[in-house]
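The values are calculated or read from the model by the stated rules, or taken from the named source; none is laboratory data. These figures come from a predicted structure and were not determined experimentally. For neighbour counting, all protein chains shown are included, and Cβ atoms are generated from backbone atoms with ideal geometry for every residue, glycine included.
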Amino acid sequence: MSGVSVEDIQEEFADLDLDITDGDVLLKIKELCDFYNIDANKISCEYFSYNTKSKLHTGKPPTLDSLVSFESEKLKHLRGPRRPLDPIEGVENLPDCPELGTPTRLTAAGAGKRNITPDGQINKRFVNAIGSPSLTPQSSPSLNSSQVTLKYSDRSNKGETVLAHSKDAPGDWTPSNDPAEISLKALTLTSPYRFMYERLRERAAVLDETICRLGDIITEKYDLGEPMDTRLTQVEPQVALGRICCDSEGHLNSNSVVLQGSMDATGGHSIHLDLSKLDSYSLFPGQIVGVECTNPNGSKLLVSKLYSELPTPSPVPVEKDQCTEIYTACGPYTLNDSDNYQPLLDLLDIVQETRPHLLILVGPFVDSRNKVIDAHTDSYHQIFETMLKQIYSALEETRTEVLLVPSQRDLHENFVYPQPPYSLGEPSPWGSKIRSVSDPGVFSVNGVNIGVTSSDILFHLGREEISFPPRAGDRLSRLVSHLLSQRSYYPLYPPSLEQNIDFEHQEKHGLLQEPPHLLLLPSDLVYFIRDVEGCTVLNPGRITKGSAPGTYSKLLVQVQQGKLSFTAEIVRI
């Protein structure tokens, strides 16, 4: 396939934490791409799937030897009479960028052809991430548990700091002696609710209200006036408001972008967008935007200007001087082919020794992707309670408070988003030592607002986003900015098939009404720390990555004379 470069291949594999430094391996992968007529995105997906199921290669970058078995197992079935992709449907319009994939501009040679939305690619959201267990059940859990535990315990880089943020910042960073004051913010979900009773009419009303609500913010910021009715032809430039959609079931690309208007302005009318005159754009399905455009023949809006950046309010100031120490980790807390939660115990040993103010543990605890758990004699909830007992007994005599965040991958909890807090019992046997917040949740620690969601929105959003020009700017920061701009913890629509959303409750409990000071976004993407629009954003990674150890984060939050600062480290378990 023309257009596939070793740089593209290297960056696509790096997205999945597989760093390829061997030039011969890169050239071999390029050779496979050319021979099987596939792009860098697809071969990284295929190898990702192969890699997570291979005991010999899990978590390791490809080698020349592993590529031989990979080709035999995954690529042979692709060989056959295959129609070459037309230039306009080829790699130029497929996801292709450092974090997950972004299309490039249409080439002049293909500008006259009709684009077909590519829908034959393997989707990374259906591939078991390295940080998530495999779906393959094990025949001998006890044997595998001992083998994996031995492999885990033999790791040589535990305690290594892999990423630091503002490590040498000036000031006194000694943690305060006072205990942390933790409180839930308004509108945070606090109790279970009935789900799977949502009617299509109610969902449609919520989606339409989102267009109206964010459309009003766009109109006010840019002083746009009344939006145009896209059902009517218009030869003079006017502004239309609506939701970005895709014209088919495939991935969004520059020729499949549709704008759906509100019921008030357009009666819910949808119309294609011509983006060829734009110098830059970043779009994803579900995004609410404004476009300055003409509609000369009623079939397509010719866009001359895009209004996609909604104003983000500044986080509320913090008055109390303090220095708070927070540790954060994201599950699964067992290796993917084991029911042994040694990684959790190792983390608790570290916390027991350092005694931070707060430990935030994000699910899953009883992971739906770990089929070894099915062979366990205890129920799912009993397994969860056993882990809670371990947490409580390790930290009972320390000042550290524990805050749990549920995950839709938890087998013992309801599969719905927004997700209620974990059921800890009434009254809770853990007292105030262990508490739970919903997903998504917003809480305050000594006046510092922290938002968190266990849904992998960055992975889902990055898979669907398109951007031009390609590889422009920091992609991770751009993905985060979409959440802040759209004022939602999950702005993607339609959502990933991994995400079961109750839209009425999302409207009540899943919006980012105001940006928090700290936003925790655990993801299968590589760990990172970013400052985005006045908000510090952290992905600590997962504490286990398949059958290998992962990472967690240490965070210091300092407030001095009203100025808020963060230092952070991401550390190997």
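Yes or no, residue by residue, for (1) assigned to a loop (DSSP other than H, G, I, E, B); (2) closer than 23 Å to Asp474 by Cα:
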site: Leu224; (1), (2): yes, no
site: Met228; (1), (2): yes, no
site: Pro237; (1), (2): no, no
site: Gly242; (1), (2): no, no
site: Leu278; (1), (2): yes, yes
site: Pro285; (1), (2): yes, yes
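Beta carbons closer than 8 Å, at least 6 apart along the sequence or on distinct chains, pair a first residue in the stretch 310-335 that is assigned by TED's automatic domain parsing to the domain that holds Thr400 and surrounded by 13 or more Cβ atoms within 10 Å (Cβ to Cβ) with a second that is of a type in the set (Asp, Glu) and assigned to a strand (DSSP E or B) for Gly331/Asp367; Pro332/Asp367; Thr334/Asp367. Anything in the stretch 155-201 that is on the phi > 0 side of the Ramachandran plot and of a type in the set (Ser, Thr, Tyr)? List them, or say none. Within the stretch 155-201, Ser166 is the sole residue that qualifies.
Quick one: would you say Arg435 is of a type in the set (Lys, Arg) and within 18 Å of Leu187 (Cα to Cα)? Full working, then the answer.
Working: of a type in the set (Lys, Arg): yes; within 18 Å of Leu187 (Cα to Cα): yes.
Yes, satisfied.
When Leu310 is tested against (1) of a type in the set (A, V, I, L, M); (2) under 25 Å from the mean Cα position of the chain (by Cα); (3) closer than 30 Å to Glu292 by Cα; (4) part of a strand (DSSP E or B), only condition (4) is not met.
Search the stretch 512-545 for residues being more than 20 Å from Pro315 (Cα to Cα) and polar (S, T, N, Q), and hand back the single one that is nearest to the chain's Cα centre (by Cα).
Residue satisfying both the conditions and the ranking: Ser523.
Determine whether Glu89 is among the charged types (D, E, K, R) and modelled with pLDDT under 85. When the stated conditions are applied, Glu89 passes them.
Can you tell which of Leu358, Leu347, Leu302, Leu395 is at pLDDT 95 or above, outside the structural domain of Leu278 (by TED's automatic domain parsing) and either over 18 Å from Pro540 (Cβ atoms) or within 21 Å of the chain's Cα centre (by Cα) (or both)? Unique residue meeting the criteria: Leu395. Among the residues of the stretch 327-381, those that are under 24 Å from Leu555 (Cβ atoms) and in a loop (DSSP other than H, G, I, E, B) comprise Gly331, Pro332, Tyr333, Tyr341, Arg355, Pro356, His357, Gly363, Pro364, Phe365. If the condition is being within 22 Å of the chain's Cα centre (by Cα) and in a loop (DSSP other than H, G, I, E, B), then the stretch 412-426 contributes Glu413, Asn414, Phe415, Val416, Pro418, Pro420, Pro421, Tyr422. Look at (1) surrounded by fewer than 19 Cβ atoms within 10 Å (Cβ to Cβ); (2) assigned to a loop (DSSP other than H, G, I, E, B); (3) touching a residue at least 12 places away in the same chain (Cβ under 8 Å); (4) touching a strand residue (DSSP E or B) at 6+ places or on another chain (Cβ under 9 Å) and you find that Leu497 fails only one, number (4). Annotation: of all residues in the stretch 267-313 being among the β-branched types (Val, Ile, Thr) and in contact with a helix residue (DSSP H, G or I) (Cβ under 7 Å, 6 or more places away or on another chain), the one that is farthest from Glu465 (Cα to Cα) is Thr312.
Within the bounds of the stretch 200-216, is there any residue that is more than 17 Å from Gln513 (Cβ to Cβ) and part of a loop (DSSP other than H, G, I, E, B)? No, the stretch 200-216 has no match at all. For the stretch 159-197, a residue qualifies if it is touching a Lys or Arg at 6+ places or on another chain (Cβ under 7 Å) and either modelled with pLDDT under 90 or assigned to a loop (DSSP other than H, G, I, E, B) (or both), and the qualifying residues are Gly159, Glu160, Pro179, Leu187.
For Gly250, are the conditions met, namely being at positive phi and not β-branched (Val, Ile, Thr)? The answer is no for Gly250.
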